[in-house]
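Here is the structure we will look at.
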Amino acid sequence: MSEHVHGEMRIHDQEKTFAGFVKGGIILAEICIAVLVFLAIFNS
């Protein structure tokens, strides 16, 4: 195995994964808010 050098790790894949996770969380929150508004409007 090669020596680990601090600061030379490639994190492009981790950044893409995290960005996707955040985007998914935002979409899920928007869906939840839309469902709550729908239920409030139609008195369910």
Problem set entry | Sole residue being over 24 Å from the mean Cα position of the chain (by Cα) and among the β-branched types (V, I, T), chosen from V22, V37, V5 | V5
Exercise. How many residues, within the chain, are exposed (fewer than 10 other Cβ atoms within 10 Å of the Cβ) and hydroxyl-bearing (S, T, Y)?
Worked result: 2
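Every number in this text was worked out from the coordinates using simple rules, so none of it is lab data. Computed from a prediction, not measured in an experiment: that's the story for all the values here. Quick reminder, even Gly has a Cβ in these numbers, built from the backbone with ideal geometry, and neighbours come from all protein chains shown.
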